Amino acid sequence: METGTVMQYHHSWGAASGAARMEAPVNRRKITRRDALALGIVGAAGLFVPVRHVLGIDGNTTAPFQIPLRIPPVLQPTRVDATTDYYEVDIKPARVEILPGKQTTIWGYNGLFPGPTLKTRSGRNVVVRQVNNLAVEINVHLHGGFVAPEHDGGPNEVIAPGSYRDYVYPNRQIASTLWYHDHAMHQTARNVYMGLGGFYIIEDDVEKQLNLPRGEYDVPLMIQDRIFNADGSFSFPAHNHDGVNGDTILVNGTPQPVFKVARRKYRFRILNASNSRHYELALNIGSDWRRRRLPFLSARPPLIQIGSDGGLLQVPVARSTIPIGVAERVEIIVDFAQFPFGSQIILENKLGRGKTAEIMRFDVAQAVSEDSSLPSTLRTVPALSGASITRDIELSMNLERGEWVINGKSFDPQRVDAQPKLGSTEVWRIINRSNVAHPFHMHLVMFQILDRNGVRPSAGETGWKDTVTVGPSETVRIIAKFDGYTGKYMFHCHNLQHEDHMMMAQFEVVP
Ligand code: C2O
Ligand code: CU
Ligand code: CU
């Protein structure tokens, strides 16, 4: 009899007061196929939701915290004029060393995994020529980008092999950590799994004035999970429409890396770029070491969250753990000056088990003078209000078709599911009628979370968002203003397998 592991997220997506809350441990148990049927979580394809691991070999035998963290290079423009930076990216297959001594074929922006980081400033135009040198159709979406519909990377606007497309990004939005990734119809899960994702960072003057850590102390961390075959190749469970949860955690393409840090503040821009896996981040100072030298120090220093998907929070928020669903971003400040030399601090995943419970390690290595600060006020986040309409968005599984659906319907590019008026504000009630969490994402807008099951969100969730995790049987109300462009945009579940099959829909902003 087949078995799988069902993860239940009933603990952490609910509301709680923002700072330093402790959350119940995640509940996991082995289930059998019969259990799954009884629970109604087996799709027509006979797959568990989510299947944690595909039976087979774990090709990653690397011990944790051996490989130094890699940081994606910042892409240089090919041309710059008064208003615009022009970039060119060559999307191609490459053989890279992810596991020591083994080669992995990836599909990468410029052959890199993850892709290079694009850095720009608010108000500056960016044009990216994306050249498809893969054998398959792909496209590029700027996740969190405020862009015209024709540059948004809709699932059917693909780039054929051997051709290119120029994407125009006006960056008329505040400083924030966005990311770009593939969005091709039915193939997004595979394409992103193969490597098609990268950071896109917007900076602005408001943020610059805060004197947060910058330069080498401002570090993007892209967290992903993968399954490796014995020969080092990626194993992608192509027929699983429910999701993939890999057994190897990668940060910036490095398996459970170690990062040597100085005794000072760092800013980490954390992105969950996994296909399906949710994480709950926590810091843990290595227990052996702590027992020896620091019996007085908290084993679990809080995480200081400063940002979410769409930029800085109003104020820093201390949290004991931070849940991060697929495609969400959280930004944190860690002041390593609070730890003595030689400290080893592990970034944990409280939802993981075994290898997936530890993401990476920070080793406090050298002294350096502090030149950054963490102000008590970050930036104004004006509360949206005055919604003219409330829409219900139901997330569920259609058991007959074995498809994930929105309001009972599979994605149909010919159908428009909502027509917000240009300039109007709407409340969307996202109702999860299934027993797995869905990371709900909207293109074009940054929204705010009003409540979860009627309770105000935690302080870390009060900033700008483009993706919100809606837990099993949970209802989350969000508010968004539809402004700037008319036209069609996607909204969907960002579990990429759900998105591909067919938990996606579109709204059209109308005049
Ligand atoms: Cu991150 Cu529609 O995507
Ligand atoms: Cu998006
Ligand atoms: Cu989903």
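The values are calculated or read from the model by the stated rules, or taken from the named source; none is laboratory data. Nothing here was measured: the structure is a model prediction, and the numbers come from that model. Here the Cβ is made from the backbone with ideal geometry for all residues, glycine too, and neighbour counts use every protein chain on show.
Some values worked out for this structure:
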| item | result |
| --- | --- |
| Filter pass, A189 being touching a residue at least 12 places away in the same chain (Cβ under 8 Å), buried (at least 16 other Cβ atoms within 10 Å of the Cβ) and at negative phi | yes |
| Test: residue in the stretch 285-299 that is part of a strand (DSSP E or B), at pLDDT below 95 and at negative phi | yes |
| Within the stretch 317-331, considering residues that are in a strand (DSSP E or B) and more than 13 Å from V381 (Cβ to Cβ), the one farthest from ligand 2 (Cβ to nearest atom) | A318 |
| Strands (runs of 3 or more DSSP E) contained in the stretch 122-210 and holding at least 2 residues within 16 Å of ligand 2 (Cβ to nearest atom) and closer than 18 Å to A505 by Cα | 141-143 |
| Residue match in the stretch 432-452 (condition: surrounded by fewer than 23 Cβ atoms within 10 Å (Cβ to Cβ), away from ligand 3 (no atom under 16 Å from the Cβ) and part of a loop (DSSP other than H, G, I, E, B)) | yes |
| Elements of type strands (runs of 3 or more DSSP E) in the stretch 332-429, at least 1 residues being aromatic (F, W, Y), modelled with pLDDT of 95 or more and surrounded by 21 or more Cβ atoms within 10 Å (Cβ to Cβ) | 358-366, 403-406 |
| Qualifying residue in the stretch 265-272 (condition: assigned to a strand (DSSP E or B) and within 16 Å of ligand 3 (Cβ to nearest atom)) | yes |
| Where a residue in the stretch 499-511 is more than 18 Å from N407 (Cβ to Cβ) and more than 16 Å from ligand 2 (Cβ to nearest atom) and its partner, wherever it lies, is among the polar types (S, T, N, Q) and modelled with pLDDT of 95 or more, with Cβ under 7 Å and at least six apart | V510/Q419; V510/T486; P511/T486 |
| V80 closer than 18 Å to I202 by Cα and free of Cβ contacts under 8 Å to residues at least 24 places away in the same chain | yes |
| For W464: the one exception among (1) under 19 Å from N495 (Cα atoms); (2) among the hydrophobic types (A, V, I, L, M, F, W, C); (3) within 16 Å of ligand 1 (Cβ to nearest atom) | (1) |
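Rundown of residues vs (1) within 14 Å of ligand 1 (Cβ to nearest atom); (2) outside the structural domain of M502 (by TED's automatic domain parsing); (3) touching a Phe, Trp or Tyr at 6+ places or on another chain (Cβ under 9 Å), yes/no style:
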site: R415; (1), (2), (3): no, no, no
site: Q419; (1), (2), (3): no, no, yes
site: F440; (1), (2), (3): yes, no, yes
site: Q448; (1), (2), (3): no, no, yes
